[in-house]
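Peer 1: Please see the structure below; I have some questions.
The values are calculated or read from the model by the stated rules, or taken from the named source; none is laboratory data. Because the structure is predicted, anything quoted here is derived from the model rather than measured. Cβ coordinates were reconstructed from backbone atoms using ideal geometry, including for glycine residues, and neighbour counts include every protein chain displayed. The accessibility values were calculated without ligands, DNA or RNA, using every heavy atom of the protein model including side chains. Shrake-Rupley method; radii C 1.70, N 1.55, O 1.52, S 1.80 Å.
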Amino acid sequence: MDGTNINGLKIEIRDKFNDTISEITGNEAVSIVYAQSYKAGDKICFENSSENKYLIIKMDDELDEALIYLTSNTLEFQIPFGEDAKAYSENTFNGREHNISVRIAKNEEIYLYRDIAKNVIDQRGDTTYYPHSTANVETRNEAVFAARNVIDGQISNKGHGIWPYESWGTWQREDAQIIVNFGREVEVDKIALYLRADFPHDTYWKSLKIEFSDGTNKIVETIKTSDAQYIGFNKKTIRWIKLLDFRKSDELTDFAALTEICVYGNDIQKIHRRL
């Protein structure tokens, strides 16, 4: 991508050699129908030359729209194959017709009180868009236990392994930690945790610590349940949250995991005053 698109938005399909197979450009909203089967190494690339950093992306008919914050002018999404595909429905990115769209997000979407951690198109590794989840351990380096799974919008937690039961766990490491980075300052006041509840295969954590980028932290006691466990607090302005210090219950099984974390809040609306 050379950044020369004067129309504002561009979608490109590129192959493993980084050659463009198909593309479209537009202003505030563009969509493309790619009428071929994806091949290993293919990627979907987005370019945004406008000043607006917030985009709504529909990557596949099987995925929800994603409201993302872009920190550069480009975004690349690698089509998952093999092991990586197991964290998605078998119909996602499958077939010979793919409808992809991107548009500039509206203010009422950006500043709405919502789960601002959700990002159905988050990927492992480095990224130019947020929210983004990373961890210092991913069990056996398998995609179904990757950090990205905890913000993908899937809350089915009564199983483990391939979609819809993708999750993240500590792999028995005492120093395990997972971070959700928002890429900008946001205001938050509530968190919901969905612990994986594939009992009796699973146990649960009795407690864990949540650290916030403002230097504060909170010890949270959790229970054995498949329901969401809510943690409320006074509104904070933060850039990221971190979960660590996981304390497993005394049950005999070794497996405890997190299916989803929801962080409720809103983006901060900048007020411009004339001098």
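Peer 1: Look through ASP245, ASP267 and report the one residue that is at pLDDT 95 or above, touching a strand residue (DSSP E or B) at 6+ places or on another chain (Cβ under 7 Å) and at positive phi.
Peer 2: Among ASP245, ASP267, only ASP245 is at pLDDT 95 or above, touching a strand residue (DSSP E or B) at 6+ places or on another chain (Cβ under 7 Å) and at positive phi.
Peer 1: Which of the numbered conditions does ILE162 fail, given that it passes all the others? Conditions: (1) closer than 20 Å to ASP115 by Cα; (2) in contact with a helix residue (DSSP H, G or I) (Cβ under 9 Å, 6 or more places away or on another chain).
Peer 2: Single failed check for ILE162: (1).
Peer 1: Output the residues belonging to region 165-181 that are in contact with a Gly (Cβ under 9 Å, 6 or more places away or on another chain) and either open to solvent by less than 10 Å² (accessible area, probe 1.4 Å) or among the polar types (S, T, N, Q) (or both).
Peer 2: So the first thing to find is which residues in region 165-181 are in contact with a Gly (Cβ under 9 Å, 6 or more places away or on another chain), and the list is 165, 167, 176.
Hits for region 165-181 are SER167, ALA176.
Peer 1: Consider GLY41 against the criteria (1) among the small types (Gly, Ala, Ser); (2) in contact (Cβ under 8 Å) with a residue 40 or more places away in the chain; (3) over 28 Å from ILE241 (Cα atoms): it satisfies all of them except one. Which criterion is unmet?
Peer 2: (2)
Peer 1: Additional query: Return the total of residues in region 38-56 being among the charged types (D, E, K, R), in a loop (DSSP other than H, G, I, E, B) and open to solvent by 10 Å² or more (accessible area, probe 1.4 Å).
Peer 2: 3
Peer 1: Let me ask something else about it. Could you look through region 123-135, keep only residues that are open to solvent by less than 60 Å² (accessible area, probe 1.4 Å) and not hydroxyl-bearing (Ser, Thr, Tyr), and pick out the one that is nearest to CYS45 (Cα to Cα)?
Peer 2: Filtering first and then ranking leaves GLN123.
Peer 1: Can you confirm whether ILE24 is surrounded by fewer than 19 Cβ atoms within 10 Å (Cβ to Cβ), of a type outside the set (Lys, Arg) and either assigned to a strand (DSSP E or B) or in contact with a helix residue (DSSP H, G or I) (Cβ under 7 Å, 6 or more places away or on another chain) (or both)? Before the answer, list the steps.
Peer 2: Values: surrounded by fewer than 19 Cβ atoms within 10 Å (Cβ to Cβ): yes; of a type outside the set (Lys, Arg): yes; either assigned to a strand (DSSP E or B) or in contact with a helix residue (DSSP H, G or I) (Cβ under 7 Å, 6 or more places away or on another chain) (or both): yes.
So ILE24 fits the description; yes.
Peer 1: Taking region 150-163, which residues are open to solvent by less than 30 Å² (accessible area, probe 1.4 Å) and either at pLDDT below 95 or not β-branched (Val, Ile, Thr) (or both)?
Peer 2: ASP152, ASN157, GLY159, GLY161
Peer 1: Hey, any hits in region 68-78 for a residue that's outside any helix (DSSP H, G or I) and over 18 Å from the mean Cα position of the chain (by Cα)?
Peer 2: Among the residues of region 68-78, at least one is outside any helix (DSSP H, G or I) and over 18 Å from the mean Cα position of the chain (by Cα), which makes the answer yes.
Peer 1: Here is a list: ILE231, ILE223. Which entry is part of a loop (DSSP other than H, G, I, E, B) and aliphatic (A, V, I, L, M)?
Peer 2: ILE223 is the lone residue from the list that is part of a loop (DSSP other than H, G, I, E, B) and aliphatic (A, V, I, L, M).
Peer 1: If you scan region 253-271, which residues turn out to be assigned to a strand (DSSP E or B) and either farther than 18 Å from TYR194 by Cβ or out of contact with any Leu (no Cβ under 9 Å at 6 or more places or on another chain) (or both)?
Peer 2: PHE255, VAL263, TYR264, GLY265, ASN266, ASP267
Peer 1: Okay, next question. Being open to solvent by 30 Å² or more (accessible area, probe 1.4 Å) and farther than 22 Å from ALA228 by Cβ is the filter here, so list the residues in region 106-122 that pass it.
Peer 2: LYS106, ASN107, GLU108, GLU109, TYR111
Peer 1: Next up: So which of ASP245, ASP250 is part of a strand (DSSP E or B) and either among the polar types (S, T, N, Q) or open to solvent by 10 Å² or more (accessible area, probe 1.4 Å) (or both)?
Peer 2: Checking each option against the conditions leaves just ASP245.
Conditions tested, residue by residue: (1) more than 13 Å from the chain's Cα centre (by Cα); (2) touching a residue at least 12 places away in the same chain (Cβ under 8 Å).
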position: ASN141; (1), (2): yes, no
position: ILE178; (1), (2): no, yes
position: ASP189; (1), (2): yes, yes
position: TYR194; (1), (2): yes, yes
position: PRO200; (1), (2): yes, yes
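Peer 1: Residues being open to solvent by less than 10 Å² (accessible area, probe 1.4 Å) and within 27 Å of SER49 (Cα to Cα): count how many of those fall in region 86-105.
Peer 2: 4
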